[in-house]
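> A single structure is presented below for examination.
None of the figures in this text is laboratory data; all of them are computed from the coordinates on show. Keep in mind that what you see is a predicted model, and the values were worked out from it rather than measured. Here Cβ is always computed from backbone atoms with ideal geometry, including for glycine, and neighbour counts include all displayed protein chains.
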Amino acid sequence: SQQGEEDPQALSIQEGENATMNCSYKTSINNLQWYRQNSGRGLVHLILIRSNEREKHSGRLRVTLDTSKKSSSLLITASRAADTASYFCATDHSGGSNYKLTFGKGTLLTVNP
Amino acid sequence: DAGVIQSPRHEVTEMGQEVTLRCKPISGHDYLFWYRQTMMRGLELLIYFNNNVPIDDSGMPEDRFSAKMPNASFSTLKIQPSEPRDSAVYFCASSIYQGAEQYFGPGTRLTVT
């Protein structure tokens, strides 16, 4: 399967701490995206990193990509209770005209106040 | 823009009944995606459209599932006849171009009894 796999499956931290989630994949990608899903809601796009990029920042989010290891990490700094959600990586394995964005099973992050 | 709109938000139906889920993508987005999310299988791509044309329906589980996009602002996913194993949350998403971030609707929670 080309599906990205997040690690850990669940993470529980205290407010103010940093949270790191990892994503590994098996075949080459065009880009990798991170999404957040609050309970009972749709997914919300957080950040997109292209295969020729190594790091990207957006507010308290930092994403790294290591194509040699086929892995990515999402760091949330100074976490807040409102960051409690599931986080998914999605890998773009498109080739030619066939577009394919494959989602992992997600990391459930709980930030305790 | 109101974002991606899905209806109904919840649907409870009996096995054997026809179910129709509806989606209105964000105006100007050329790509529309239908996903299914379950605890066991995660988020699965069912079908996607480009400029109202179905491009890849390899994720549609069976002939009981069909999807249409009669115009740029409306799509339907139909299940006929429905079965209990179709119970899931169905998401519609749209994006402006291939490889771009996807914007998800709130989902339709389908329960087939």
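> Can you list residues from other chains, or at least 5 along the same chain, whose modelled amide H is less than 5 Å from the amide H of residue A:4?
Answer set, sorted by chain and number: A:91, A:104.
> In percent, what relative contact order does the range A:1-76 have, based on Cα pairs under 8 Å that are 6 or more apart in sequence?
On the way: 122 pairs, mean separation 21.8, N = 76.
Relative CO of the range A:1-76 lands at 29 percent.
> A further question follows. Which one of A:32, B:92, B:110 has its Cα pushed farthest toward the positive end of the charge dipole of the protein assembly as shown, where Lys and Arg give +1 and Asp and Glu give -1 at the Cβ?
Projecting each Cα onto the dipole axis, the largest value belongs to A:32.
> May I ask you to derive the FRET efficiency for residue B:76 and residue B:39 from their Cβ-Cβ distance with R0 = 30 Å, giving the value to the nearest 0.05? Working shown, then result.
Numbers: r = 25 Å, r/R0 = 0.85.
Between residue B:76 and residue B:39 the formula returns 0.75.
> Still on this structure, I have one more. What list of ³J(HN,Hα) values in whole Hz, one per residue of the range B:63-74 in order, does the Karplus curve 6.51 cos²θ - 1.76 cosθ + 1.60 (θ = phi - 60°) give from phi, with Gly and Pro shown as x?
3J(HN,Hα) across the range B:63-74, in whole Hz: 5, 5, 9, 9, 9, 9, 9, x, 8, 5, 10, 7.
> How large is ³J(HN,Hα), in whole Hz, for each residue of the range B:78-85 in order, when computed from phi with the Karplus curve 6.51 cos²θ - 1.76 cosθ + 1.60 and θ = phi - 60°, using x for Gly and Pro?
Listing the rounded values in order: 10, 10, 8, x, 7, 10, x, 6 Hz.
> Going through the cross-link list A:105/B:68; A:26/A:100; A:69/A:100; A:56/B:24, which pairs have a Cα-Cα distance over 25 Å in this structure? If you can, show how the numbers build up before the last one.
On the way: A:105/B:68 27 Å; A:26/A:100 14 Å; A:69/A:100 21 Å; A:56/B:24 32 Å.
Pairs exceeding the cut-off: A:105/B:68; A:56/B:24.
> Please list 3J(HN,Hα) in residue order for the range A:98-105, calculated via the Karplus relation 6.51 cos²θ - 1.76 cosθ + 1.60 where θ = phi - 60°; whole Hz, with x for glycine and proline.
8, 9, 9, 10, 10, 9, x, 8
> Next question, about the same structure. When DSSP beta bridges are limited to those with both residues in chain A, what percentage is antiparallel, rounded to the nearest 5? Working shown, then result.
Values: 40 of 45 bridges.
The answer is about 90 percent antiparallel.
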